[in-house]
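Every read-out reported here was derived from the displayed coordinates using simple, explicitly stated rules and does not represent laboratory data. This one's a predicted model, so the numbers in the text were calculated from it and none came from an experiment. Counting neighbours? That spans all protein chains shown, and the Cβs are built from the backbone with ideal geometry, glycine included.
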Amino acid sequence: MNKRAFIIVLDSMGVGELPDAHLWHDEGSNTLGAIRDHEYFYCPNLKKLGLFNIEGVGGGVSDPQGSVARMAERSMGKDTTTGHWEIAGLVSPKAMPTYPDGFPKEVISEFERRTGRKVLCNKPYSGTDVIRDYGQEHVQTGALIVYTSADSVFQIAAHEDIVPVEKLYEYCTIAREILQGEHAVGRVIARPFTGEHPFTRTSNRHDFSLVPPRDTMLDLLKKAGYDTLSVGKIYDIFAGKSVSELNRTSCNDEGMEITLKMQDRDFNGLCFVNLVDFDMKYGHRNDVAGYAAAMTAFDRQLGVFLEKMRDDDILIITADHGCDPSTPSTDHSREYIPMVMCGKHVKQGVNLGTRSSYADISATILEYFGVPQENTDGESFLSDTMSAAFFLPGDSPSDRELMEMAVKARERSYTPYSHYKVGAALLSSDGEVFIGCNIENATLTPTVCAERTAFFKAISEGKKSFAKIAIAGGREGELSPFCAPCGVCRQVMAEFCDEDFIVILGSPDNYREYRLSEVLPFMFTKKEL
Ligand code: THU
């Protein structure tokens, strides 16, 4: 059977400042807060799953259909790479180096020595200004234009007629080799340009990312034989390490289209998606309306995704940092990220509060696939968010088999008064089955239903946790297509089971699963006392 997990990263969709936001001058930043009241924002699917139930967000629904958490970034950074690496189980205790005064002498002279070319500029600079101001000198002398920004980047600009693109990429590889350890910048970027002064940049830009310094969940999944499919920037963020399939995208819409197509494939493993428009097109450009509209567009596609989810799929929607479009800063913001998880076996309405690291996502994914979490950071929340049915041993009976056992149990019903025979087969979380039938009494009131017989047998044998019950009933000699449990039995289920306990109703040829919360809405339980 294929097991599939989808992680969709809404790039920069933070949900409020982290306690240390002042260290980054990001006090008050709240990306979701900045867009949620805009008239273009309409996200009923995210709302229904529980996005607004997340701690500190506000405006949640009473019956969220997913499990949610707010997650703090433990790494010392607020960029895309650091955020994604932490999601994948790699916390970066040190910020990636930045160079507000240019790169140190030893780096530049080593680069000059190995490329055989001199370096121009070596300062933070705008990409268009740098070719306007240094382009001509570069064309005349063949020296390379090296510049940086507020991010951890080493950028090399060169005219395509002076330095052929392939040669420029070679120089980037050399820079990448030099920029390790103390000077391990996030990215080395080739910035080719063409034409005459003031020159134009070409589409041959290429990023040379830093390889994650140790294994992430992608490496562990791949080694265990699972697929690691990437959509959008994921491949580049991990420098291709342990990514089994690359799907680059040009916009959010295309990213979701590819993801929807992935749902039709029988892959076995993780599909890791990044939707970068939120950050690149709207967050950095302080475009609140655009950001809100992009969320609305995503939510519409999410609706299609949810419809197409298979029984064994899980989906986690999250982010990598903030980028509040309503603050004067156009930079990323140090924020909590949301975690919204859903799937057929995911509990509804679990609120995990605030978690101390994004890395908990990787621990959860690894546990979901049964892969030991070696060497990665984070703590799994899988047992809090998955229903008992998910943890059943592999050789547990199927729904159909349980139904057949219920029919069989029915043969022993003692029903001299009603002649209505019911059988039940109850599956405990450790995979054991307890059957029960209804047992009537001449004074009527001591009559016990089939379901309660099964429950009380199991409980008196020491069972405490239950996954499913199948119920079959009907008048003597015939099996009804649908026998609903009585109110008292539903109340007994509510006593011993979670809301996601599964009730299988119908007949062996035609049955359906219901959650207990569907069968007994607004239940009164011990939680109230
Ligand atoms: N009964 C059950 O055993 N389970 C149900 O879910 C519905 C009703 C029994 C009780 C009684 O013996 C007979 O069906 C008629 O009410």
Can you list the lysines whose alpha carbon is less than 26 Å from that of K468, not counting same-chain residues fewer than 8 positions off?
K3, K48, K308, K344, K347, K408, K421, K457, K526, K527
Protection proxy ranking, peptides 149-159, 312-322, average beta carbon neighbours within 10 Å, highest first
312-322, 149-159
Considering only V492, G423, S242, whose Cα is most displaced toward the positive end of the charge dipole of the chain, charges sitting on Cβ of Lys, Arg (+1) and Asp, Glu (-1)?
G423
Give me, ordered by chain and number, the residues 5 or more places off N438 or on other chains with an amide H under 5 Å from its own placed amide H.
Y414, V422, A450
Exposure-ranked with fewest Cβ neighbours within 10 Å first, W85, W24 stand as W24, W85
Quick shape check on the stretch 254-354: root eigenvalues a ≥ b ≥ c of the Cα gyration tensor, a/c under 1.5 is rounded, otherwise prolate if a/b tops b/c, else oblate, and it reads prolate
Could you tell me what percent of the DSSP beta bridges with both partners in the stretch 399-528 are antiparallel, to the nearest 5?
80
Students often check this: by mean Cβ neighbours within 10 Å, which of 276-285, 516-525, 384-393 ranks highest, and how do the rest follow?
276-285, 384-393, 516-525
If R₀ is 60 angstrom, what is the calculated FRET efficiency for the pair F456 and R248, using the beta carbon separation as r and rounding to 0.05?
0.55
Please compute the modelled spin-label separation between K241 and K167, points set 7 Å along Cα→Cβ, answer in nm with one decimal.
3.2
Using only the Cα atoms of the stretch 155-300, build the gyration tensor, take square roots of its eigenvalues as a ≥ b ≥ c, and label the shape rounded, prolate or oblate: rounded if a/c is under 1.5, else prolate if a/b is larger than b/c, else oblate.
oblate
So what are the ³J(HN,Hα) numbers for the stretch 203-220, from phi and the Karplus equation (6.51, -1.76, 1.60; θ = phi - 60°), rounded to whole Hz, Gly and Pro as x?
7, 8, 3, 8, 9, 10, 7, 6, 6, x, x, 8, 4, 10, 4, 5, 4, 5
Using only the alpha-carbon atoms, how far is helix 399-410 inclined from the longest principal axis of the chain? Give it as 0 to 90 degrees, nearest 10.
10
What's the center-to-center distance, using Cα atoms, between the stretch 416-495 and the stretch 205-224 in Å?
52
If neighbour count is taken as other Cβ atoms inside 10 Å, put S362, S398, S126, S326 in order from fewest to most.
S398, S126, S326, S362
If you fit an axis through the alpha-carbon atoms of helix 105-115 and take the longest principal axis of the Cα set of the chain, what angle between them do you get, 0 to 90°, nearest 10?
80
I'd like the Karplus ³J(HN,Hα) series for the stretch 496-512: coefficients 6.51, -1.76, 1.60, θ = phi - 60°, whole numbers in Hz, and an x wherever there's a Gly or Pro.
10, 10, 7, 4, 8, 4, 9, 10, 9, 10, x, 10, x, 8, 7, 10, 9
Please give, to one decimal in nm, the separation of the simple spin-label points placed at K94 and R114, each 7 Å out from Cα toward the Cβ.
1.9
Write out the GluC sites (Glu not before Pro) in the stretch 311-411 meeting two conditions: DSSP loop, and at most 11 other Cβ atoms within 10 Å of their Cβ.
E374, E411
In degrees, nearest 10, range 0 to 90: what is the angle between the Cα axis of helix 252-262 and the longest Cα principal axis of the chain?
50
Quick check on the exposure proxy: order H84, H38, H206 from fewest to most C-beta atoms within 10 angstrom.
H206, H38, H84
Shape of the chain from its Cα gyration tensor (a ≥ b ≥ c, root eigenvalues): rounded if a/c is under 1.5, otherwise prolate when a/b > b/c, or oblate?
prolate
Quick calc, the chain, dipole around Cα centre from Cβ unit charges on Lys, Arg (+) and Asp, Glu (-), nearest 20 debye, gives 640
Enumerate the calculated ³J(HN,Hα) couplings along the stretch 164-177 in order (Karplus 6.51 cos²θ - 1.76 cosθ + 1.60, θ = phi - 60°), each rounded to whole Hz, writing x wherever the residue is Gly or Pro.
x, 3, 4, 5, 4, 5, 5, 4, 5, 5, 4, 4, 4, 5
In the stretch 460-529, trypsin sites (Lys or Arg not before Pro) in a DSSP loop with at most 14 other beta-carbon atoms within 10 Å
K464
